[in-house]
1. Taking the range 160-180 as the region of interest, how many residues are out of contact with any strand residue (DSSP E or B) (no Cβ under 8 Å at 6 or more places or on another chain) and touching a residue at least 60 places away in the same chain (Cβ under 8 Å)?
2. Return the residues of the range 282-298 that are within 27 Å of Val15 (Cβ to Cβ) and touching a Leu at 6+ places or on another chain (Cβ under 7 Å); say none if nothing qualifies.
3. Any chance you could count how many residues in the range 232-253 are under 24 Å from Ala32 (Cβ atoms) and crowded, with 19+ Cβ neighbours inside 10 Å?
4. Out of (1) surrounded by 12 or more Cβ atoms within 10 Å (Cβ to Cβ); (2) modelled with pLDDT under 85, the odd one out for Arg172 is which?
5. Those residues that are over 16 Å from Gln119 (Cβ atoms), of a type in the set (Gly, Ala, Ser) and either surrounded by fewer than 19 Cβ atoms within 10 Å (Cβ to Cβ) or out of contact with any strand residue (DSSP E or B) (no Cβ under 8 Å at 6 or more places or on another chain) (or both), I need them from the range 48-98; list them, please.
6. Can you go through Pro290, Pro313 and tell me which one is surrounded by fewer than 16 Cβ atoms within 10 Å (Cβ to Cβ) and touching a Pro at 6+ places or on another chain (Cβ under 9 Å)?
7. Do any strands (runs of 3 or more DSSP E) lying entirely in the range 88-179 carry at least 1 residues that are more than 27 Å from Glu30 (Cβ to Cβ), and which ones are they?
8. Within the set of pairs 6 or more residues apart or between chains, which connect a residue that is farther than 21 Å from Ala148 by Cα inside the range 125-137 to a residue that is modelled with pLDDT of 85 or more with Cβ atoms less than 6 Å apart?
Amino acid sequence: MKETQSATGIAQEIVENVCTVIVGKNAVIERALAAVIAQGHILIEDVPGVGKTMLAKSISASIGCSFKRIQFTPDLLPSDIVGVSIYNQSTGEFQFRPGPVMAQVVLVDEINRATPKTQSALLEAMEELQVTVDGVTRPLERPFVVMATQNPIEHEGTFPLPEAQLDRFLMRISLGYPTFSEELSVIEQQEQTHPIDELQAVASPGDVTGLQDAAKNVYVDSAVREYIVTLIDATRNHEDVSLGASPRASLGMFRAARGLAIMRDRDYVIPDDVKELAHAVLAHRLILSPSARMRGLQTAQVIDGLLESVAVPGATR
């Protein structure tokens, strides 16, 4: 990590750099970077044209990491992702040709377009930071983050992600439409060229791994730890939830809160960090009961209710 800059200074510089491309979405960018600091993966779910792909490319360019994009389609094979061993006649040996997942930042565009078999090819890389091809395990270079996109409104020809794979994503975020003034600013920015073409790296992969290591030293009080576990446990006992969040969600929330604390220039986590991340970390992990879906209940409403009902450490009723 750069000696002249604190962890917070580097993180804020990355956010400001991405904001030159993604206009008016500071909070979303901060959550995405908090996920990167927490060594987690991100699912970006939103309607077409709001900048999902551009967010991933901007973050990758800002941190100077190697970047690969995989366009998921129904005919994509697992070997197209992880790589393949090819026999070389001149040497008489098999040579490994790495797939695009061997990059540091991997953009998986329209992840729900590929078959479940192909989707599952990402699981080992996302969970264990390695890929195994023909019995040989190859580690992935740090930092490693998968940023996947999907369209929530177009379901024809798609394969919904199974719960086991959704649980591998630390956060699910959405950008939403820009405001009137923000959209005018976007038009003005791209009148001649796209700002992504001129985006320069403001940090290095070493800086990012330094941020990840720094997050491990952020203090989390026992009361905040209990708050996280109580909140997660409440999802499993909610009458409108048929499948609650897993222990992986507790660990994810714990790590993401540490990452967010660094963004806020603190060396400790507060309950507000947990509350700010609750929707991004939990919403995609909950499965509502059939009766709740019949009533039109949304996971966001369930999480809002839990945040209201679960006691916050240090707060008075």
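1. Adding up the residues that qualify gives 6.
2. His284, Arg285 - these are the residues of the range 282-298 that are within 27 Å of Val15 (Cβ to Cβ) and touching a Leu at 6+ places or on another chain (Cβ under 7 Å).
3. 6
4. (2)
5. Listed by number, the residues that qualify are Gly49, Gly51, Ser58, Ser62, Gly64, Ser66, Ser85, Ser90, Gly92.
6. The unique qualifying residue is Pro313.
7. In the range 88-179, 93-98, 130-133, 136-139 are the strands (runs of 3 or more DSSP E) which contain 1 or more residues that are more than 27 Å from Glu30 (Cβ to Cβ).
8. Pairs that qualify, where the first residue is farther than 21 Å from Ala148 by Cα and the partner is modelled with pLDDT of 85 or more, are Val133/Val82; Val133/Gly83; Thr137/Gln130.
The values are calculated or read from the model by the stated rules, or taken from the named source; none is laboratory data. The model shown is predicted, which means the values in this text are computed figures rather than measured ones. So basically every Cβ, Gly included, is an ideal-geometry build from the backbone, and we count neighbours across all protein chains shown.
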